[in-house]
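What follows is calculated from the coordinates using simple rules that are stated; it is not laboratory data. Nothing here was measured: the structure is a model prediction, and the numbers come from that model.
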Amino acid sequence: MAFNKLFISLFLLTAASMNCIRYNHNLKYHKIVFSNGAGKYLLDESSFPDKLSLTEPEFWQAYRNWLLIINVIADSWVAASWKVHHSQMMTDMSFSIWFHAWCKHDRLLSSQFVLTPFVMLPDSMEYCTQFK
């Protein structure tokens with residue numbers, strides 16, 4: 001999915017979701033058709049829990065898997081910047097209070113990254129503004 005510039009939701013990277021994917025348990029797919037009639041099949045996310053039901057422990061579990069994917073698909077300095085973003089979240093003493101805001105912020109960053117990879121700059125004004 002990552003190589004085809006398709007966004008991977010964090011809830012697909014939890015252990016439970018990955019087991020369903022690994023064992024092809026009750027999965028549904030839909031076809032994305034291109035202009036020439038050819039297409040690709042994409043995993044239908046409606047078979048999985050709603051993205052808003054992601055708990056904080058599941059978020060951290062899935063986020064570690066996201067970092068593993070970033071290590072595979074991106075240059076080392078780009079992957080390192082995502083680890084800095086991860087550290088920024090981990091060291092936020094109010095993370096639990098702001099959990100849903102962090103999830104939305106991270107989803108926006110991840111979806112932008114899949115379209116056009118970039119270096120994460122947690123100290124930048126754009127990063128801070130986007131979070132607010």
**Complete:** P(r) of the range 11-89 over all Cα-Cα pairs, 5 Å bins starting at 0, rounded to whole percent, reads 3, 13, 18, 17, 18, 15, 11, 4, 1
**Length added when fully stretched, T91-K40, from 0.36 nm per residue minus Cα-Cα** = 14.4 nm
**Message:** Using the Kirkwood radius over C-alpha pairs as Rh, can you work out the diffusion coefficient of the range 65-132 via Stokes-Einstein at 20 °C, viscosity 1.002 mPa s, in µm² per second?
**Reply:** 174 µm²/s
